[in-house]
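One structure is given here, and the rest of the page talks about it.
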Amino acid sequence: MPAKRFLKDKDRKFRLLFEENPQPMWVFDLESQEFLEVNAAAARLYGYTPEEFQRMSLAAVLGPEDTSRLIADLHAPGVPAARLWRHRTNGGRLIDVETAVHEIQYGGRKAGLAVLMDVTNRRQLEEQLRQAQKMEAVGMLAGGVAHDFNNLLTIITGYSQLILNNLGPNDPNRHSADQIMKAGERAAALTRQLLAFSRRQVLQPRILDVNKLVKSSTTMLQRLIGEDIDLKVSLGTDLGRVSADPGQLEQVLMNLVVNARDAMPKGGSLIIETRNAHLDERYAGRHANVKPGPHVMLAVSDTGHGMDQATRDRLFEPFFTTKTPGKGTGLGLSTVFGIIRQSGGTVEVYSEPNRGTSVKVYLPRIDQPASVEAEDTRKKAARGTETLLVVEDDEMVRSLVRETLEREGYKLIDAADPIEARRLAENYKGPIQLLITDVVMPKINGRELAEQILSRRPAMRVLYMSGYTDNAIVNNGLLEKEVAFLHKPFTPAALAHKVREVLESDDKMLQAGE
């Protein structure tokens, strides 16, 4: 083959390899930094035609400073073969690109060959993973603090109520006791938010119609935001159902509305929207812990001051707030994040400075009819005569439970640990109608203790209580099987009511979740 023909054929093969390569590639002049050649993959990635590229220089994509550093890298010893740069596309979008640059001869002049890889999605997923790991660590700490704190709050609110029950309306000490009770209730609300963020709270999900929940909340939300904010509600037609705790989903909606209100101190528009949505494989690939498929969207949007990227990056961190001291705890969006993630959904935030914010909540769609709201038939608990076995490792909580239930007429047997409780149950000759046990205890957890005692006393019922729900509750699915549960902190009245409810229930599943 003649040399001229060989070189022409070789050039054709290499040009074909360059043009059809799935990796984006550039050739640029080292002196002027002008683009000489780009392949089709690069044109698709950056949104310019090859002809437009040839009228541009590297600075249009990299910026002047990064362009200088990129050229310097070609001659610097010890520089990695590929480095990460931030490039700008035709639409102004910033993307993360791994760039490997090599010096070549092109048409008799020095040029650079750049082989590119768009790693924007990978970087986003890595950042989501780092954020999730950080949130999980903070959540474990928050959940542990809430567990211990709830034991203290049970004592504070419990004894406050017992004192109030014995004080007349004109007693000079009544106001002081009432203030202690209110402070305890506010502290309990904070621990509930911590548990929501850490995804260690007990949810009682039902099949819900989100449109109905929004409609029932509209009047309350309008009062919450005031008259200078225009509230608009746009509800989707044929909206699917979701599985969620109605009280917690109402908390999500209220927290989002309060945040939107605070972003519009001079008034504005607030829009609550629902619709069906389908999250595809591409969306799921860009978001950790998201499963593709049909979802229901609940969105709260405002025309407020918006947020920059630095604020958005820390948005769901507990105690992070942009509000002035005393105006917020920083737990609102942390609570939203925890509730929605624990319910199997995801939260997406869109915001730009001075252009408002839109927070979109996605929950998996459930093709079942909504649960019927049960009528609240709560009444004052009747006095009891039954024998109850109480197992609680916190002495003060155990004393409060014993004192409360003895006042209600019950006969109490109490134990400080599961081993002692099992021994008492084995040696007690009479019937024990109800076991009241903490969930998280050393050596044997409440579920295991209940199973052991029930093997000898199958007619006994069980009431679990805890200020923190570890694997014994969350992963073993106790609540899904309708096991009776009382969340700390609780008041003496709530304890008495729950005990009576469990004792009088006809549902055998309330015994131990069998």
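Per-residue answers, yes or no, for (1) under 17 Å from SER343 (Cα atoms); (2) of a type in the set (S, T, N, Q); (3) modelled with pLDDT under 90:
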| position | (1), (2), (3) |
| --- | --- |
| VAL252 | yes, no, yes |
| ILE271 | no, no, no |
| ASP280 | no, no, yes |
| HIS287 | yes, no, yes |
| GLY293 | yes, no, yes |
| LEU298 | yes, no, no |
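Every residue in the range 80-115 that is of a type in the set (Asp, Glu) and closer than 13 Å to LEU70 by Cβ, please.
Of the range 80-115, the ones of a type in the set (Asp, Glu) are 96, 98, 103.
Listed by number, the residues that qualify are GLU98, GLU103.
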Margin query: Please go through (1) at pLDDT below 85; (2) in contact with a helix residue (DSSP H, G or I) (Cβ under 9 Å, 6 or more places away or on another chain); (3) more than 30 Å from LEU333 (Cβ to Cβ) for GLY107 and return the number of the only condition it doesn't satisfy.
Written below: (2)
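Tell me, yes or no, whether the range 370-382 has at least one residue that is closer than 30 Å to LEU239 by Cα, outside any loop (DSSP other than H, G, I, E, B) and either at pLDDT below 90 or within 37 Å of the chain's Cα centre (by Cα) (or both).
Of all residues in the range 370-382, those closer than 30 Å to LEU239 by Cα come to 370-376.
Going one step further and asking which of them are outside any loop (DSSP other than H, G, I, E, B), we end up with none.
No, the conditions are met nowhere in the range 370-382.
What residue, among those in the range 453-490 that are surrounded by fewer than 15 Cβ atoms within 10 Å (Cβ to Cβ) and outside any loop (DSSP other than H, G, I, E, B), is modelled with the highest pLDDT? Write out each step before concluding.
First, pick out the residues of the range 453-490 that are surrounded by fewer than 15 Cβ atoms within 10 Å (Cβ to Cβ): 455-456, 458-459, 471, 475, 477, 480-482.
If we keep only those that are outside any loop (DSSP other than H, G, I, E, B) as well, we get 480-481.
Details: GLU480: 43, LYS481: 46.
So, considering only residues that are surrounded by fewer than 15 Cβ atoms within 10 Å (Cβ to Cβ) and outside any loop (DSSP other than H, G, I, E, B), the one modelled with the highest pLDDT is LYS481.
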Margin query: Consider the range 88-104. How many of its residues are modelled with pLDDT under 85 and assigned to a loop (DSSP other than H, G, I, E, B)?
Written below: 3
Note to self: I'd like to check something: does the range 202-210 contain any residue that is assigned by TED's automatic domain parsing to the domain that holds SER358, buried (at least 16 other Cβ atoms within 10 Å of the Cβ) and free of Cβ contacts under 8 Å to residues at least 60 places away in the same chain?
What the structure shows: no
Check: If you scan the range 219-250, which residues turn out to be under 22 Å from GLN342 (Cβ atoms) and part of a strand (DSSP E or B)?
Finding: ARG241, VAL242, SER243, ALA244
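This table checks each residue for (1) at pLDDT 85 or above; (2) among the small types (Gly, Ala, Ser); (3) over 17 Å from PRO489 (Cα atoms); (4) in a helix (DSSP H, G or I).
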{"position": "VAL138", "(1), (2), (3), (4)": "no, no, yes, yes"}
{"position": "LEU141", "(1), (2), (3), (4)": "no, no, yes, yes"}
{"position": "HIS147", "(1), (2), (3), (4)": "no, no, no, yes"}
{"position": "ASN151", "(1), (2), (3), (4)": "no, no, no, yes"}
{"position": "THR157", "(1), (2), (3), (4)": "no, no, no, yes"}
{"position": "GLN161", "(1), (2), (3), (4)": "no, no, no, yes"}
{"position": "PRO169", "(1), (2), (3), (4)": "no, no, yes, no"}
{"position": "LYS182", "(1), (2), (3), (4)": "no, no, no, yes"}
{"position": "ALA188", "(1), (2), (3), (4)": "no, yes, no, yes"}
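The values are calculated or read from the model by the stated rules, or taken from the named source; none is laboratory data. Given the structure is predicted, the values throughout are model-derived calculations rather than measurements. Note: ideal-geometry Cβ built from the backbone for every residue, glycine included; neighbour counts use all protein chains shown.
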